[in-house]
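Peer 1: Quick one: the structure is below, questions incoming.
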Amino acid sequence: MNRTCFITIALFYFSLTAQAQDASVEKSVFGIQTGILGVWVHNEAKLSNAIALRSELGVDFGFYSGSFYNDSGLLAVPSLTLEPRWYYNLNKRVRKSRRIDGNSGNFVSIRINYHPDLLLNSINENYNFISDLSIIPT
């Protein structure tokens, strides 16, 4: 009786670990995001079973105003983003019968966002737009 119970538990454990080894991010995920101040297209490409690289291209909108020239308007600036992501809980989600499609799961990432010194619309000559680079751990 003890031997049968042990074999049943061992088979159950090995079936869980075998299923957990199949957990992997998807090969490629595309999407479009829109918001009040922008539109972005993104792709998330598989680098390894737990690591994906999210790249994003879009347009960020913003408002500007100046009291000296009594001028205001809307800015449209391109946005380029790279974000390597490490999905650390895919195996646990599979063991708990939770979804991992579409790269659902917890992740740790470093988001690198660049706004070049390029405006997609025209503004007053007296205003300068300065490009920026931001690196944000997530």
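What follows draws every value from the coordinates through simple rules; no lab data is involved. Just so it is clear, the structure is predicted and the values come from calculations on it, not from any experiment.
Peer 1: Where does the range 95-138 land on Rg/Rh, using Cα atoms and the Kirkwood Rh?
Peer 2: Using Cα coordinates only, the ratio equals 1.32.
Peer 1: Taking a cut-off of 22 Å between Cα atoms, list the lysines near LYS27, but don't count ones fewer than 8 places away on the same chain.
Peer 2: Counting by Cα, and skipping residues close in sequence, LYS27 has these lysines nearby: LYS46, LYS92.
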